[in-house]
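The values are calculated or read from the model by the stated rules, or taken from the named source; none is laboratory data. Keep in mind that this is a model prediction, so the values were computed, not measured. We place every Cβ from the backbone using ideal geometry, glycine too, and count neighbours over all the protein chains shown. Only protein heavy atoms, including side chains, enter the accessible area calculation; ligands, DNA and RNA are left aside. Shrake-Rupley method; radii C 1.70, N 1.55, O 1.52, S 1.80 Å.
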Amino acid sequence: MTVHVSTPTGQAPTGLGRWGRLALHAVLLTGTLLMITPFLVMLVVSLIPQEAFLARDFSPANFSLNNFAETFRQVPFGRYYFNSTVVSVSVTIGQILVSSLAAFAFARLRFRGRDALFLLYLATLMIPFPVTLIPNFLIIRGLGWYDSYPALIVPGFFSVFSTFLLRQYYRGLPMELDEAARMDGASSLRIWWQIVLPLSGPVLAALAIFVFQGVWNDFLWPLVVTTSVEMRTIPVGLNSFVGQYSTAWGLLMAGSVIALLPVLVIYILAQRWFVEGITLSGMGGR
Amino acid sequence: MTLPSEHHRSWRRWRPDQQWEGYLFILPSFLGFLVFVIAAVLFSLGISFSHWGLTGFKEWAGLQNYQALLRDPVFWRALGNTLFYLITIVPSQLVLGLAMALALNQALRGIGFYRLIYFMPVVTTIVAGAIVFRLLFSAQGPVNSFIEGAAALLGFGVEMPNWLGSTRYAKWAVVFLTLWKNTGFTMVIYLAALQGVPRELYDAAHTDGANAWQRFRNVTLPMISPTTFFLFVFQAIGAFQLFTEPFVMTRGGPANSSLSVVQYIYFAAFRDIRMDKASAMAWFLFVFIFIFTLIQNRMQQHWVYYETSE
């Protein structure tokens, strides 16, 4: 179950000479340039006042933070940040707790109907998101949750995928651990909390990062269930900003930088965890 | 994604003392499952077979919503665009992702740096990415300026399109955005697969006198074919459901030329308040994805190699 992403040992024999390596570096650097250009354009344009931008004058002498100040004046980014943080943290914790409890039961408890229910769970993995989008919107509205935190958070507590991933992992832990603990009089809840959870640290961390960045970047659901400025998450807020200032590029880029910077900083600091989390989860825990 | 073999002797037998515990552990998850999946699916099916507007249920409609869809030129347009996204994005992403992974799988300096950069768009908020690409592909934007400048240097002139204003090219701008955003994901998954190919196979092929291309063709490709299959299906399902990229970048325009099916579902449900039409479309899409996946599953036995591990 370990995902090894960056082991320089055990690779295919390169058989590349010095020139081959140089050529490869040239190709990789071109790729780097293509991937990073959008970020650079975003940064440079965010620092350029509108007049200089229209005159296509990108000299660093013009750089200023005015666009950022103006963006913060026009858009409540602080509020968007707060909402995105509250929603992402709550969904991540809630989803992992709920999925982990269910996964523990599916993997390590024996009760009637367990396997049939799990199969039913798996079968629904096939259903695409657009099918449940409309009824879930109507259900949320019916519950009186429209345009509120519960609308953004509660549906995220449940995930077939996370349950499946954790169940696969819990199946792999030795059953003897539970049996020994039961001999000592431990309850199932205690076995889950004190044995199974501590043993699944890496997989929980990987899943947490996967869930967190998925919720943080999610766009369609918060777009559908919120309407007031106060309830917007960062992607939805950024999108409405596009509607208002479709060609005020300096402001739009400043907004994008504000939206991205913290995520990218965390990503660069914790890169290994991001890559492993997404690889592991992306491959369904194989 | 195979389930591990059932190796506990009494695994399937249930235990009375764990009967209620099991249900209690599952309860929170099951409630969510019941409401947001089972009820939602049935609800959606019901809406798709009724007339449903601003005030809710009006009357049963039978197949009328589905029949109306088949006569709706915009729906066919959206379906065509979605297929366009599928056949442009999925293969290029597989090829580019594999090429990047192969390059990064070499013993080179700076691999960590390249991977850091290539994966950066994957963690980027897609709305921010779409905003930058609006600028990059604007009429006098960086992409056009760069290509025109490069062409001028080489001594010929090119006329670059106004990408986002063109019914022909808007889709392509969406494709480029999606490739930029997602190729890093494909790369990282391929990289993990490449590192799982046993070294001995390459050594043996080398001893048999296979050249680099033959080793790639006869060792690497078959060994990573399960990953290719997984990525192909995964990316295709993603392409069927493309929404944010065209929504933020082009709003589906001009003249619906970049409208995707999910975008049309969104507009039908939440702009025109036609929940019935939107639900019928969602089911149409589901059936489409289902048939597609089924066909791929059938076809995989011809090209996917599964190692029988003992």
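Things to note:
- Rg(Cα) / (2.2 N^0.38 Å) computed for the stretch B:105-220, rounded to two decimals: 1.51
- Counting only DSSP H runs of at least 4 residues, each contributing -39500 (n - 2.57), and dividing by the residue count of chain A, the helix-based mean residue ellipticity at 222 nm comes to -21500 deg cm²/dmol.
- Rg/Rh (Cα only; Kirkwood hydrodynamic radius) as it applies to chain B: 1.05
- Comparing B:165, B:184, B:252 in a Gaussian network model of chain B (Cα springs below 10 Å), the most mobile by mean-square fluctuation is B:165.
- Here each label is just a point 7 Å from Cα along the line to Cβ, and for residue A:244 and residue A:22 those points are 5.4 nm apart.
- Most mobile listed residue (A:272, A:18, A:141) in chain A, GNM with C-alpha springs under 10 Å: A:18
- Extension gain for residue A:227-residue A:269 works out to 11.7 nm (0.36 nm per residue, less the C-alpha to C-alpha distance).
- Remark: relative contact order (chain B) = 26 percent; criterion is Cα-Cα distance under 8 angstrom and separation of 6 or more residues.
- Helix-only CD estimate at 222 nm, as mean residue ellipticity for chain B, using -39500 (n - 2.57) per DSSP H run (n ≥ 4): -21000 deg cm²/dmol
- Kirkwood analysis of chain A, using all unique Cα-Cα pairs, places the hydrodynamic radius at 22.5 Å.
- Placing +1 on the Cβ of every Lys and Arg and -1 on the Cβ of every Asp and Glu, with no other charges, gives the stretch A:77-282 a dipole of roughly 240 debye about its Cα centre.
- Cβ-Cβ FRET estimate between residue B:206 and residue A:122, R0 fixed at 41 Å, reported to 0.05: 0.45
- Magnitude of the charge dipole, the protein assembly as shown, Cβ model with Lys/Arg +1 and Asp/Glu -1, debye to 20: 380 debye
- Counting only whole DSSP H helices of chain A, the ones at least 27 Å long by C-alpha along their axis and with mean Kyte-Doolittle hydropathy no lower than -0.5 are A:18-47, A:77-108, A:249-269.
- Surface listing: B:126, B:38 arranged by accessible area from highest to lowest gives B:38, B:126, probe 1.4 Å.
- At 1.567 mPa s and 4 °C, Stokes diffusion of the stretch B:157-310 via Kirkwood alpha-carbon radius, µm² per second: 69 µm²/s
- The stretch A:160-286 has equivalent-ellipsoid semi-axes of 41, 16, 12 Å, by the square roots of 5 times the alpha carbon gyration tensor eigenvalues, sorted largest first.
- Comparing mean-square fluctuations of B:93, B:296, B:19 from a GNM of chain B with C-alpha springs under 10 Å, the top value falls on B:19.
- The P(r) of the stretch B:72-112 has a tail past 16 Å containing 56 percent of all C-alpha pairs.
- Rg(Cα)/(2.2 N^0.38 Å) for the stretch B:133-198, N = residue count: 1.56
- Computed over the alpha-carbon atoms, the stretch A:18-64 gives an Rg to Rh ratio of 1.25, Rh here being the Kirkwood radius from the mean inverse distance.
- Share of pairwise Cα separations in the protein assembly as shown, more than 40 Å, in percent: 31 percent
- Gyration tensor (alpha-carbon) shape descriptor, the stretch B:93-162, a/c threshold 1.5: oblate
- By the rule of a C-alpha distance below 20 Å, with chain neighbours fewer than 8 residues away ignored, the lysines paired with residue B:181 are B:171.
- Where labels lie 7 Å past Cα in the beta-carbon direction, separation of residue A:56 and residue A:148 in nm: 5.4 nm
- Equivalent ellipsoid of the stretch A:37-172: semi-axes from √(5λ) of the C-alpha gyration tensor, largest first, are 46, 19, 14 Å.
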